[in-house]
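Structure, as C-alpha coordinates:
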Amino acid sequence: MLNRVIAFSLQNRALVLIAALAVVAAGLYQLVRTPVDVFPDLNRPTVTILTEAPGLAPEEVEALVTRPIEYQVNGATGVKRVRSASGIGLSVVWVEFDWGTDVYRDRQIVSERLQLVRERLPRDANPVMAPISSIMGEVMIVGLRPADLPTTPEEALRTGMDLRTFGEFAVRNRLLAIDGVSQVTVMGGYLKQYQVLTSPERLAAQKVTLQQLTDAAEKAYVLAGGGVMERGARESLIRISGQALALEQVEETPVVWRDGRAIRIKEVADVRFAGPVRRGDGSTRVKDGDTVAGGPSVILAVQKQPGANTLDLTPRLDRALEELQRDAPPGVVVERRVFRQADFIETAIDNVVEAIRDGTVWVFVVLLLFLASVRTSVITMTAIPLSILVTVLVFSYFGVT
(Lines give C-alpha, C1' and ligand atoms only; values in the text may rest on other atoms or scores of the structure.)
Protein backbone atom coordinates (compact mmCIF):
# COMPACT_ATOMS: atom_id res chain seq x y z
CA MET A 1 0.00 0.00 0.00
CA LEU A 2 2.71 2.45 1.04
CA ASN A 3 4.83 1.51 -1.96
CA ARG A 4 1.95 2.25 -4.32
CA VAL A 5 1.39 5.67 -2.70
CA ILE A 6 5.07 6.53 -3.06
CA ALA A 7 5.14 5.31 -6.66
CA PHE A 8 2.04 7.30 -7.54
CA SER A 9 3.52 10.43 -5.96
CA LEU A 10 6.78 10.07 -7.89
CA GLN A 11 4.97 9.52 -11.18
CA ASN A 12 2.58 12.48 -10.65
CA ARG A 13 4.82 15.13 -9.13
CA ALA A 14 2.82 18.03 -10.58
CA LEU A 15 -0.45 16.68 -9.20
CA VAL A 16 1.07 16.15 -5.76
CA LEU A 17 2.54 19.67 -5.80
CA ILE A 18 -0.80 21.20 -6.80
CA ALA A 19 -2.58 19.23 -4.05
CA ALA A 20 0.00 20.39 -1.48
CA LEU A 21 -0.37 24.03 -2.57
CA ALA A 22 -4.17 23.69 -2.36
CA VAL A 23 -3.89 22.30 1.18
CA VAL A 24 -1.54 25.16 2.12
CA ALA A 25 -3.88 27.81 0.68
CA ALA A 26 -6.99 26.33 2.28
CA GLY A 27 -5.19 25.80 5.59
CA LEU A 28 -3.83 29.35 5.74
CA TYR A 29 -7.24 30.78 4.83
CA GLN A 30 -8.92 28.76 7.57
CA LEU A 31 -6.13 29.44 10.07
CA VAL A 32 -6.87 33.17 10.22
CA ARG A 33 -10.59 32.47 10.55
CA THR A 34 -10.49 29.73 13.18
CA PRO A 35 -11.43 31.04 16.65
CA VAL A 36 -8.68 30.56 19.20
CA ASP A 37 -9.78 29.43 22.64
CA VAL A 38 -8.26 27.52 25.52
CA PHE A 39 -11.28 27.10 27.78
CA PRO A 40 -13.82 24.69 26.28
CA ASP A 41 -17.55 24.82 27.00
CA LEU A 42 -17.66 22.30 29.84
CA ASN A 43 -21.38 22.39 30.64
CA ARG A 44 -24.38 21.24 28.68
CA PRO A 45 -26.82 23.85 27.30
CA THR A 46 -28.23 25.41 30.46
CA VAL A 47 -31.04 27.85 31.16
CA THR A 48 -30.77 29.77 34.45
CA ILE A 49 -33.95 31.00 36.16
CA LEU A 50 -33.56 33.84 38.69
CA THR A 51 -36.43 34.76 41.03
CA GLU A 52 -36.33 37.50 43.63
CA ALA A 53 -38.64 37.07 46.62
CA PRO A 54 -37.98 40.06 48.90
CA GLY A 55 -38.32 39.44 52.63
CA LEU A 56 -38.46 35.63 52.49
CA ALA A 57 -36.07 33.38 54.42
CA PRO A 58 -34.22 30.61 52.56
CA GLU A 59 -36.67 27.96 53.83
CA GLU A 60 -39.64 29.97 52.56
CA VAL A 61 -37.90 30.65 49.23
CA GLU A 62 -37.28 26.91 48.84
CA ALA A 63 -40.89 25.95 49.62
CA LEU A 64 -42.78 28.76 47.89
CA VAL A 65 -40.57 29.57 44.91
CA THR A 66 -37.87 27.02 44.11
CA ARG A 67 -39.90 23.83 44.40
CA PRO A 68 -42.86 24.97 42.26
CA ILE A 69 -40.43 26.01 39.51
CA GLU A 70 -38.54 22.72 39.75
CA TYR A 71 -41.76 20.69 39.57
CA GLN A 72 -42.85 22.59 36.48
CA VAL A 73 -39.61 22.31 34.46
CA ASN A 74 -38.90 18.71 35.42
CA GLY A 75 -39.86 16.42 32.58
CA ALA A 76 -39.85 19.14 29.93
CA THR A 77 -38.63 18.16 26.49
CA GLY A 78 -34.86 17.51 26.48
CA VAL A 79 -34.29 18.30 30.18
CA LYS A 80 -31.57 16.10 31.68
CA ARG A 81 -31.02 17.64 35.10
CA VAL A 82 -32.47 20.38 37.31
CA ARG A 83 -30.41 21.99 40.09
CA SER A 84 -31.33 24.82 42.43
CA ALA A 85 -30.11 27.07 45.21
CA SER A 86 -32.26 29.07 47.65
CA GLY A 87 -30.96 32.05 49.58
CA ILE A 88 -32.29 35.06 51.40
CA GLY A 89 -34.89 36.49 49.02
CA LEU A 90 -33.38 34.79 45.96
CA SER A 91 -33.99 31.53 44.09
CA VAL A 92 -31.70 30.20 41.35
CA VAL A 93 -32.71 27.20 39.24
CA TRP A 94 -30.41 25.67 36.60
CA VAL A 95 -32.15 23.64 33.89
CA GLU A 96 -29.69 21.51 31.92
CA PHE A 97 -30.56 20.09 28.50
CA ASP A 98 -28.96 17.36 26.42
CA TRP A 99 -25.74 17.96 24.48
CA GLY A 100 -26.24 19.37 21.01
CA THR A 101 -29.65 20.94 21.62
CA ASP A 102 -30.35 24.48 20.47
CA VAL A 103 -30.15 26.76 23.51
CA TYR A 104 -32.72 29.15 22.01
CA ARG A 105 -35.22 26.32 21.66
CA ASP A 106 -34.39 25.28 25.23
CA ARG A 107 -35.16 28.78 26.47
CA GLN A 108 -38.49 28.71 24.62
CA ILE A 109 -39.41 25.47 26.40
CA VAL A 110 -38.50 26.95 29.79
CA SER A 111 -40.40 30.17 29.01
CA GLU A 112 -43.57 28.22 28.28
CA ARG A 113 -43.25 26.34 31.57
CA LEU A 114 -42.68 29.57 33.51
CA GLN A 115 -45.95 30.98 32.19
CA LEU A 116 -47.74 28.05 33.85
CA VAL A 117 -46.05 28.43 37.23
CA ARG A 118 -46.35 32.21 37.76
CA GLU A 119 -49.79 31.96 39.36
CA ARG A 120 -48.46 29.57 42.02
CA LEU A 121 -45.67 31.90 43.15
CA PRO A 122 -45.90 34.72 45.73
CA ARG A 123 -47.26 37.98 44.35
CA ASP A 124 -43.90 39.83 44.37
CA ALA A 125 -41.93 36.91 42.88
CA ASN A 126 -41.22 37.27 39.17
CA PRO A 127 -39.03 34.54 37.62
CA VAL A 128 -36.77 35.66 34.77
CA MET A 129 -34.25 33.83 32.60
CA ALA A 130 -30.64 34.95 32.85
CA PRO A 131 -28.79 35.85 29.63
CA ILE A 132 -27.09 33.08 27.67
CA SER A 133 -23.55 32.57 28.90
CA SER A 134 -20.98 29.83 29.36
CA ILE A 135 -19.54 28.49 32.60
CA MET A 136 -16.08 29.39 31.25
CA GLY A 137 -17.27 32.63 29.66
CA GLU A 138 -15.90 35.13 32.19
CA VAL A 139 -13.56 37.07 29.91
CA MET A 140 -12.69 39.98 32.17
CA ILE A 141 -13.11 41.37 35.67
CA VAL A 142 -13.06 45.16 35.95
CA GLY A 143 -12.54 47.08 39.18
CA LEU A 144 -13.67 50.61 39.97
CA ARG A 145 -11.68 52.08 42.85
CA PRO A 146 -11.08 55.52 44.30
CA ALA A 147 -7.75 57.15 43.61
CA ASP A 148 -7.47 58.00 47.32
CA LEU A 149 -8.81 55.75 50.07
CA PRO A 150 -11.63 57.28 52.19
CA THR A 151 -10.68 58.22 55.73
CA THR A 152 -14.09 58.49 57.46
CA PRO A 153 -17.21 56.26 57.45
CA GLU A 154 -19.24 59.05 55.85
CA GLU A 155 -16.68 59.47 53.07
CA ALA A 156 -16.55 55.69 52.56
CA LEU A 157 -20.35 55.58 52.18
CA ARG A 158 -20.39 58.44 49.71
CA THR A 159 -17.50 56.98 47.71
CA GLY A 160 -19.13 53.54 47.66
CA MET A 161 -22.40 55.01 46.34
CA ASP A 162 -20.63 57.05 43.66
CA LEU A 163 -18.63 54.05 42.46
CA ARG A 164 -21.68 51.76 42.38
CA THR A 165 -23.77 54.36 40.54
CA PHE A 166 -21.05 54.86 37.92
CA GLY A 167 -20.54 51.11 37.54
CA GLU A 168 -24.23 50.21 37.44
CA PHE A 169 -25.49 52.85 35.03
CA ALA A 170 -22.45 53.91 32.98
CA VAL A 171 -19.88 51.12 32.78
CA ARG A 172 -22.37 48.23 32.72
CA ASN A 173 -24.57 49.76 30.00
CA ARG A 174 -21.54 50.63 27.86
CA LEU A 175 -20.09 47.12 28.05
CA LEU A 176 -23.44 45.46 27.34
CA ALA A 177 -23.60 47.42 24.07
CA ILE A 178 -20.49 45.57 22.77
CA ASP A 179 -21.25 42.70 20.43
CA GLY A 180 -20.27 39.42 22.10
CA VAL A 181 -20.97 40.44 25.72
CA SER A 182 -23.71 38.38 27.36
CA GLN A 183 -24.00 39.97 30.79
CA VAL A 184 -22.16 42.20 33.23
CA THR A 185 -22.56 41.49 36.94
CA VAL A 186 -21.91 44.37 39.35
CA MET A 187 -20.80 43.69 42.93
CA GLY A 188 -19.63 45.82 45.84
CA GLY A 189 -20.15 49.42 46.82
CA TYR A 190 -23.51 50.80 47.92
CA LEU A 191 -26.55 50.84 45.68
CA LYS A 192 -27.85 54.38 46.19
CA GLN A 193 -31.28 54.59 47.81
CA TYR A 194 -33.61 57.23 49.17
CA GLN A 195 -34.22 55.98 52.71
CA VAL A 196 -37.04 57.23 54.92
CA LEU A 197 -36.35 56.28 58.55
CA THR A 198 -38.95 56.63 61.28
CA SER A 199 -39.98 55.17 64.64
CA PRO A 200 -43.32 54.28 66.30
CA GLU A 201 -42.92 57.17 68.72
CA ARG A 202 -42.53 59.79 65.97
CA LEU A 203 -45.49 58.40 64.06
CA ALA A 204 -47.68 58.28 67.18
CA ALA A 205 -46.77 61.86 68.10
CA GLN A 206 -48.30 63.12 64.82
CA LYS A 207 -51.05 60.45 64.70
CA VAL A 208 -49.71 59.13 61.40
CA THR A 209 -49.68 55.45 60.41
CA LEU A 210 -46.81 53.64 58.75
CA GLN A 211 -48.98 52.98 55.68
CA GLN A 212 -49.70 56.71 55.29
CA LEU A 213 -45.96 57.46 55.44
CA THR A 214 -45.24 54.71 52.91
CA ASP A 215 -47.87 56.02 50.49
CA ALA A 216 -46.51 59.55 50.79
CA ALA A 217 -42.93 58.42 50.12
CA GLU A 218 -44.07 56.50 47.02
CA LYS A 219 -46.00 59.49 45.71
CA ALA A 220 -42.98 61.78 46.15
CA TYR A 221 -41.76 60.56 42.76
CA VAL A 222 -44.68 60.44 40.35
CA LEU A 223 -44.99 60.94 36.60
CA ALA A 224 -48.45 60.94 35.04
CA GLY A 225 -50.08 61.94 31.81
CA GLY A 226 -52.84 64.51 31.74
CA GLY A 227 -54.11 63.89 28.23
CA VAL A 228 -54.31 66.50 25.49
CA MET A 229 -55.73 70.01 25.67
CA GLU A 230 -57.26 71.34 22.44
CA ARG A 231 -57.17 75.02 21.52
CA GLY A 232 -58.75 75.46 18.17
CA ALA A 233 -56.49 73.81 15.62
CA ARG A 234 -53.69 73.30 18.15
CA GLU A 235 -53.16 70.55 20.69
CA SER A 236 -51.01 70.71 23.81
CA LEU A 237 -49.76 67.67 25.70
CA ILE A 238 -50.40 67.89 29.44
CA ARG A 239 -47.71 66.44 31.68
CA ILE A 240 -47.91 65.99 35.44
CA SER A 241 -44.43 65.80 36.97
CA GLY A 242 -44.10 65.23 40.69
CA GLN A 243 -40.49 64.09 40.76
CA ALA A 244 -38.74 64.78 44.04
CA LEU A 245 -35.03 64.26 43.39
CA ALA A 246 -33.42 66.21 46.23
CA LEU A 247 -33.69 65.12 49.85
CA GLU A 248 -35.28 68.45 50.74
CA GLN A 249 -38.04 67.86 48.20
CA VAL A 250 -38.81 64.45 49.67
CA GLU A 251 -38.85 65.92 53.18
CA GLU A 252 -41.39 68.56 52.13
CA THR A 253 -43.84 65.96 50.75
CA PRO A 254 -47.18 66.04 52.66
CA VAL A 255 -48.22 62.86 54.46
CA VAL A 256 -51.69 63.92 55.65
CA TRP A 257 -53.66 67.16 55.97
CA ARG A 258 -54.99 67.97 59.43
CA ASP A 259 -56.49 71.18 60.87
CA GLY A 260 -55.76 73.12 57.72
CA ARG A 261 -52.05 72.25 57.62
CA ALA A 262 -49.92 69.53 56.07
CA ILE A 263 -47.91 67.12 58.15
CA ARG A 264 -44.78 66.58 56.10
CA ILE A 265 -42.41 63.66 55.92
CA LYS A 266 -39.63 65.53 57.71
CA GLU A 267 -41.88 65.84 60.82
CA VAL A 268 -42.25 62.08 61.23
CA ALA A 269 -39.10 60.65 59.60
CA ASP A 270 -35.52 61.31 58.55
CA VAL A 271 -34.65 61.22 54.84
CA ARG A 272 -31.14 60.34 53.68
CA PHE A 273 -29.09 58.74 50.93
CA ALA A 274 -27.78 55.31 51.89
CA GLY A 275 -27.48 51.74 50.65
CA PRO A 276 -29.32 48.51 51.46
CA VAL A 277 -27.99 45.89 53.84
CA ARG A 278 -25.01 44.42 52.01
CA ARG A 279 -24.41 40.70 51.54
CA GLY A 280 -20.85 41.13 50.29
CA ASP A 281 -18.24 43.62 49.17
CA GLY A 282 -15.57 44.06 46.53
CA SER A 283 -11.92 45.03 46.56
CA THR A 284 -8.98 45.19 44.17
CA ARG A 285 -5.28 44.68 44.66
CA VAL A 286 -3.16 45.26 41.57
CA LYS A 287 0.64 45.42 41.49
CA ASP A 288 2.36 47.65 38.94
CA GLY A 289 6.09 47.28 39.38
CA ASP A 290 6.83 48.08 43.01
CA THR A 291 3.54 49.92 43.52
CA VAL A 292 0.48 48.14 44.92
CA ALA A 293 -2.89 49.81 44.32
CA GLY A 294 -6.19 48.62 45.72
CA GLY A 295 -8.79 48.98 48.40
CA PRO A 296 -12.62 48.87 48.59
CA SER A 297 -13.95 48.73 45.03
CA VAL A 298 -16.86 47.92 42.79
CA ILE A 299 -16.28 44.75 40.74
CA LEU A 300 -17.79 44.09 37.31
CA ALA A 301 -17.61 40.54 35.93
CA VAL A 302 -17.99 40.46 32.13
CA GLN A 303 -19.45 37.27 30.60
CA LYS A 304 -19.17 36.55 26.90
CA GLN A 305 -21.76 34.96 24.65
CA PRO A 306 -21.25 31.30 23.68
CA GLY A 307 -19.06 31.09 20.59
CA ALA A 308 -17.65 34.61 20.96
CA ASN A 309 -13.91 34.91 20.31
CA THR A 310 -12.18 36.06 23.48
CA LEU A 311 -9.14 37.45 21.64
CA ASP A 312 -11.39 39.56 19.40
CA LEU A 313 -13.70 40.68 22.22
CA THR A 314 -11.01 41.76 24.70
CA PRO A 315 -9.52 44.63 22.59
CA ARG A 316 -13.02 46.04 22.09
CA LEU A 317 -13.61 45.91 25.83
CA ASP A 318 -10.27 47.67 26.39
CA ARG A 319 -11.21 50.49 24.01
CA ALA A 320 -14.57 50.96 25.73
CA LEU A 321 -12.93 51.02 29.17
CA GLU A 322 -10.40 53.61 27.99
CA GLU A 323 -13.28 55.83 26.89
CA LEU A 324 -15.01 55.29 30.24
CA GLN A 325 -11.84 56.22 32.10
CA ARG A 326 -11.75 59.55 30.25
CA ASP A 327 -15.42 60.19 31.10
CA ALA A 328 -15.24 58.88 34.67
CA PRO A 329 -15.92 61.20 37.63
CA PRO A 330 -12.81 62.77 39.20
CA GLY A 331 -10.98 60.38 41.49
CA VAL A 332 -12.38 57.16 39.95
CA VAL A 333 -9.88 54.66 38.53
CA VAL A 334 -11.04 51.98 36.07
CA GLU A 335 -8.82 48.98 36.80
CA ARG A 336 -8.54 46.49 33.93
CA ARG A 337 -5.76 44.26 35.26
CA VAL A 338 -7.76 42.31 37.85
CA PHE A 339 -8.48 39.33 35.58
CA ARG A 340 -8.21 38.88 31.82
CA GLN A 341 -8.97 35.53 30.20
CA ALA A 342 -7.14 36.69 27.06
CA ASP A 343 -3.85 36.69 29.00
CA PHE A 344 -4.21 32.96 29.71
CA ILE A 345 -5.08 32.22 26.09
CA GLU A 346 -2.13 34.25 24.76
CA THR A 347 0.22 32.52 27.21
CA ALA A 348 -1.08 29.11 26.09
CA ILE A 349 -0.58 30.06 22.42
CA ASP A 350 2.95 31.24 23.15
CA ASN A 351 3.68 27.90 24.84
CA VAL A 352 2.35 25.99 21.82
CA VAL A 353 4.44 28.11 19.42
CA GLU A 354 7.52 27.56 21.58
CA ALA A 355 6.91 23.79 21.66
CA ILE A 356 6.48 23.63 17.86
CA ARG A 357 9.58 25.76 17.30
CA ASP A 358 11.77 23.67 19.61
CA GLY A 359 10.31 20.44 18.27
CA THR A 360 11.02 21.50 14.68
CA VAL A 361 14.63 22.35 15.52
CA TRP A 362 15.23 19.01 17.23
CA VAL A 363 13.54 17.05 14.41
CA PHE A 364 15.84 18.77 11.93
CA VAL A 365 18.91 18.00 14.05
CA VAL A 366 17.94 14.31 14.43
CA LEU A 367 17.22 13.95 10.71
CA LEU A 368 20.52 15.60 9.85
CA LEU A 369 22.46 13.33 12.18
CA PHE A 370 20.83 10.09 10.97
CA LEU A 371 20.43 10.89 7.25
CA ALA A 372 23.60 13.00 6.93
CA SER A 373 21.89 15.03 4.17
CA VAL A 374 20.67 18.62 4.46
CA ARG A 375 18.56 18.27 1.29
CA THR A 376 16.76 15.16 2.55
CA SER A 377 16.19 16.74 5.99
CA VAL A 378 14.66 19.88 4.49
CA ILE A 379 12.36 17.82 2.26
CA THR A 380 11.25 15.73 5.24
CA MET A 381 10.66 18.89 7.30
CA THR A 382 7.96 20.06 4.87
CA ALA A 383 5.63 17.51 6.49
CA ILE A 384 5.45 19.61 9.69
CA PRO A 385 3.71 22.75 8.30
CA LEU A 386 1.53 20.59 6.04
CA SER A 387 0.43 18.48 9.01
CA ILE A 388 -0.40 21.62 11.02
CA LEU A 389 -2.50 23.06 8.20
CA VAL A 390 -4.28 19.72 7.70
CA THR A 391 -5.06 19.74 11.44
CA VAL A 392 -6.58 23.22 11.09
CA LEU A 393 -8.81 21.96 8.26
CA VAL A 394 -9.88 18.96 10.34
CA PHE A 395 -10.68 21.22 13.32
CA SER A 396 -12.74 23.47 11.07
CA TYR A 397 -14.68 20.50 9.68
CA PHE A 398 -15.61 19.27 13.16
CA GLY A 399 -16.26 22.77 14.55
CA VAL A 400 -13.37 22.70 17.01
CA THR A 401 -11.55 25.89 18.10
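The values are calculated or read from the model by the stated rules, or taken from the named source; none is laboratory data. Everything quoted here is computed from the prediction, not taken from an experiment. Reconstructed Cβ throughout: ideal geometry from the backbone, glycine too, with neighbour counts over all protein chains shown. Areas reflect the complete protein model, heavy atoms only, side chains present, ligands, DNA and RNA absent. Shrake-Rupley method; radii C 1.70, N 1.55, O 1.52, S 1.80 Å.
Please give the per residue volume of the convex hull enclosing the alpha carbon atoms of the range 107-245, rounded to a whole number of Å³.
Taking only Cα atoms, the range 107-245 has a hull volume of 301 Å³ per residue.
One-quarter of the Cα convex hull surface for the range 301-401, in nm²?
That works out to 9.8 nm², a quarter of the Cα hull's surface.
Under 14 Å from a label point 7 Å along Cα→Cβ of residue 116: give me every residue in the range 58-78 with its amide N that close.
The answer is 68-78, whose backbone nitrogens lie closer than 14 Å to the label point.
How long are the three semi-axes of the equivalent ellipsoid for the chain, computed from the Cα gyration tensor as the root of 5 times each eigenvalue, in whole Å, largest first?
Whole-Å semi-axes of the equivalent ellipsoid: 61, 28, 21.
Along the three principal axes, how long is the range 16-74 when you take its alpha carbons, biggest first, rounded to the nearest angstrom?
Principal axes ranked by extent give 73, 22, 13 Å for the Cα atoms.
At 7 Å along the Cα-to-beta-carbon direction for both residue 209 and residue 277, put a label point, then send me their distance in nm to one decimal.
2.6 nm
Can you give the Kirkwood hydrodynamic radius for the range 1-160, in Å, rounded to one decimal and based on Cα pairs?
Evaluated over the range 1-160, this radius sits at 21.0 Å.
Order 20-32, 300-312 from most to least packed using the mean count of other Cβ atoms within 10 Å.
300-312, 20-32
Tell me the per residue accessible area of the chain using a 1.4 Å probe; a whole number in Å² is fine.
Per residue, the chain has an accessible area of 63 Å².
Have a look at the range 210-260 and give its Rg and Dmax from the Cα atoms, expressed in angstrom.
Computed over the Cα atoms of the range 210-260, radius of gyration and Dmax are 15.4, 49 Å.
Would you calculate, for the chain, the mean residue ellipticity at 222 nm contributed by helices, counting each DSSP H stretch of 4 or more residues as -39,500 (n - 2.57) and dividing by all residues, to the nearest 500?
-13000 deg cm²/dmol, from helical runs alone.
State the extension gain, in nm to one decimal, for the chain segment bounded by residue 388 and residue 25, taking 0.36 nm per residue of separation less the distance between their alpha-carbons.
Result for the pair: 129.4 nm of gain on full extension.
Within the chain, what whole-number % of the accessible surface is contributed by carbon and sulfur, with the 1.4 Å probe and all protein chains included in the calculation?
57 percent
Quick query: amide H of residue 190 versus all other amide H atoms, modeled in the peptide plane; which residues come in under 5 Å with a sequence gap of 5 or more or a different chain?
161, 164
Restricting attention to the alpha-carbon atoms of the range 209-339, what are Rg (one decimal) and Dmax (integer), both in Å?
Computed over the Cα atoms of the range 209-339, radius of gyration and Dmax are 24.6, 75 Å.
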